[in-house]
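Single-structure report; data block below.
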Amino acid sequence: MSSDSLGVLLALIVAFGTSLASAVTAWRRAPQENIDSLSVRLDKSDARADKADARTTELEKKVAERDSVIDHLDRWQLAARTYIATLRNTLADNGIQVPAPPAELEIVPRGVSADGEAAPR
């Protein structure tokens, strides 16, 4: 075997060994990279879920506050109607003509339009 042939054969063996070592290294490192990338994706997903939970909690608080305000206003509306009815009855009992309330002041229940039809949502 000539020295040129021996050099080519030796270079071929070294190239094959290098490619085999690279393949083994990549094969062993691939699962760790998958775990790392999945971990990063999971962390991002958890952060998005935490933001969504915080937003949901914030919206639930706003809904509870609005319900409280609506309940408070409903109580005031009932009290005002009772007071006005009492005043009208007192006037009628004393023989004083009770004026009819203006149509603009007629209180329409929620979900019903002014003409008596169901309001669109």
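For this structure, a couple of remarks:
Quick grid of which residues meet (1) over 26 Å from the mean Cα position of the chain (by Cα); (2) modelled with pLDDT under 90:
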site: ALA21; (1), (2): yes, yes
site: PRO31; (1), (2): yes, yes
site: ASP43; (1), (2): no, yes
site: ARG66; (1), (2): no, no
site: GLU104; (1), (2): yes, yes
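- Failed item, numbered, when ALA52 is tested on (1) open to solvent by 80 Å² or more (accessible area, probe 1.4 Å); (2) of a type in the set (A, V, I, L, M); (3) at pLDDT 80 or above: (1)
- Being at pLDDT below 80, among the aliphatic types (A, V, I, L, M) and not in a helix (DSSP H, G or I) holds for only one residue in ALA100, ALA26, and it is ALA100.
- If the condition is being of a type outside the set (S, T, N, Q) and surrounded by 11 or more Cβ atoms within 10 Å (Cβ to Cβ), then the range 71-97 contributes ASP74, ALA80, ARG81, ILE84, LEU87, ARG88, LEU91, ALA92.
The values are calculated or read from the model by the stated rules, or taken from the named source; none is laboratory data. Predicted, not measured: the structure shown is a model, and the values here were computed from it. Glycine gets a Cβ as well: all are built from the backbone with ideal geometry, and neighbour counts include every protein chain shown. Accessible surface is based on the protein model in full, side chains and every heavy atom, while ligands, DNA and RNA are left aside. Shrake-Rupley method; radii C 1.70, N 1.55, O 1.52, S 1.80 Å.
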